[in-house]
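Down below is the structure, laid out as structure tokens.
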Amino acid sequence: MPKPSLARQGFTLPASEITPPQVYAQRRQLLKLAGAGTALTTLSSLGLQAQAQGAAPATNRLIGARSAVPGAIAMDKPTKVEDATRYNNFYEFGTDKADPAQHAHTLKTRPWSVMVDGEVAKPGRWGLDDLLKLAPMEERIYRLRCVEGWSMVIPWVGYSLAELIKRVEPNSRAKFVEFTTLADKAQMPGLRSGVLDWPYVEGLRIDEAMHPLTLLAFGMYGELLPKQNGAPLRLVVPWKYGFKSAKSLVRIRFVEKQPVSSWTQAAAQEYGFYSNVNPRVDHPRWSQASERRIGEDGLFARKRPTLMFNGYEAQVGQLYAGMDLKRFF
Ligand code: MTE
């Protein structure tokens, strides 16, 4: 049932009040390294191979080789790491932009595992270290555009979700993929609020999930994901509004019927299943024609025009050929 209160509370902006918490030292340096494409990911260099499933890694470093996937490296200037880690949506830790950075320290990211099940030949539970070793880590620089009207450019580290999907062998009934994220009251103070029905659930069509740009991310800015950004692993779907990029994944389920995402369930008229970035389809309460790039929000900063599919039309437009994108918003 859509919650009328949510439509009002929904996504709200205020740009300014960001409380600076942790400072991520040396990130710039790492970013330069990763950006130069010099460092290949070697899990041994991370000390991960020797890790027991539950133990914390010896270092936070996570470097990926520059991705060769078409469209994976946006030419835009990356957002400052301080902004990307202090201006977040992670409602499990509160609805204010500054809440996740302040409260997500209670998230326990090890031991961690992800259940992969449903319409697949090889269902099973994947430990975090096995997922970290599954495929070579890549750096991808993606634009992330929030439905609220702001955007960022983030250098992620991870690999195509397709790598995992191939391993579990979906069957012919696997038409959609449902993603469920952690919901633990002991770790997540935001669960006390009824703003969403927990756990947070999102979904993709199987061909969207298989698209090489759909990223299973474990890191950003050359390090393991900060908790407020969805540690220890999250989805990043760059051509869709940010809420499709579910954080802190615990289950990936292959299903025949289109999943009902948490946002659709809360306000179906505002948040459709597809949620492709589309400047021609307004949110019922505001225009989606332009966006504010975080970090460019000075007094005279201009808004940027929002691009169809967030600028990834050449790569993903074909997935929606023949669909009425006003109807399937
Ligand atoms: N995942 C969970 N589990 N909970 C959330 O509240 N918010 C979404 C998405 N994934 C959210 C989530 C929204 S609305 C956005 S815009 C992005 O995460 C924000 O990601 P970022 O904070 O890393 O920029």
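Data overview
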{"quantity": "Two-decimal ratio, region 161-231, of alpha-carbon radius of gyration to 2.2 N^0.38 Å", "calculated": "1.34"}
{"quantity": "Column: log10 I(q)/I(0), Debye, Cα scatterers of region 171-329, q = 0.12, 0.16 Å⁻¹", "calculated": "-0.59, -1.06"}
{"quantity": "In nm, spacing of pseudo-spin labels at A321 and K166 (7 Å Cα→C-beta vector)", "calculated": "2.3"}
{"quantity": "Candidates per trypsin sites (Lys or Arg not before Pro) in region 155-220, loop by DSSP, up to 11 other Cβ within 10 Å", "calculated": "K185"}
{"quantity": "Full-stretch length increase - F328, A56 - with 0.36 nm per residue and alpha-carbon distance subtracted", "calculated": "93.7 nm"}
{"quantity": "Computed FRET value (nearest 0.05) for S290 with V69, which takes r as the C-beta separation and R₀ as 30 Å", "calculated": "0.60"}
{"quantity": "Extension reserve of the L299-Q269 stretch, reckoned as 0.36 nm per residue once the Cα distance is removed", "calculated": "7.5 nm"}
{"quantity": "Alpha-carbon spread of region 64-320, three principal axes, descending order, Å", "calculated": "55, 43, 39"}
{"quantity": "Full-stretch length increase - T106, A314 - with 0.36 nm per residue and alpha-carbon distance subtracted", "calculated": "70.8 nm"}
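Laboratory data are not the source of any read-out in this text; all were calculated from the coordinates shown. Predicted model, so just to flag it, every value in this text is computed and none were measured. Don't worry about glycine lacking a Cβ; one is built from the backbone with ideal geometry, like all the others, and counts go over all protein chains shown.
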